[in-house]
Amino acid sequence: MKINKKIIEELVSYLKEFNLSEIEYGEGSTKVKVSRSTKSQNFISTEIKSKQAINESNGSQVTSPLVGTAYLAPEPGAKKFIDVGQKVKKGQTIMIVEAMKTMNHVPSTHEGTVSKILVKDGEPVEFGQPLISVK
């Protein structure tokens, strides 16, 4: 089998352009998978731990139960699930985290008043990342 270097080079450029860790391409019986090691994951984990330490003094935190994209409202242009200063009950939906085209409602794990929303609408979130602070 002859390997088409142009396809590999193009896939590598997509890895860099879209900050991906791997990409797979298939055409007919030919399949090519290109991956790379990313040291930025360690940076992200360190950054999350730093944010957790800083925000622990602000009360309890509700963290992301999964990796995905956070949405503060049920749909674009709709009213947000929560606002700063609003009282929340345990189990109340505070936002949605989309993962693999599935909308996952994130319930509050604490009862109290929202003191800070720690993520922006449409922002990617990691597992365990603080989403809101509740006092």
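Values in this text are rule-based calculations from the coordinates and carry no lab data. Everything quoted here is computed from the prediction, not taken from an experiment. Cβ sites come from the backbone with ideal geometry, for glycine too, and all protein chains shown count toward neighbours.
Among 67-74, 17-24, 128-135, what's the highest-first ranking by average C-beta atoms within 10 angstrom per residue?
Details: 67-74: 17.6, 17-24: 10.8, 128-135: 20.4.
Packing order, densest peptide first, comes out as 128-135, 67-74, 17-24.
Could you work out the equivalent-ellipsoid semi-axes for the range 59-134, taking the square root of 5 times each eigenvalue of the Cα gyration tensor, largest first, in whole Å? Show your work: numbers first, answer last.
Working: eigenvalues 65, 37, 22 Å².
Each semi-axis is the square root of five times an eigenvalue, giving 18, 14, 10 Å.
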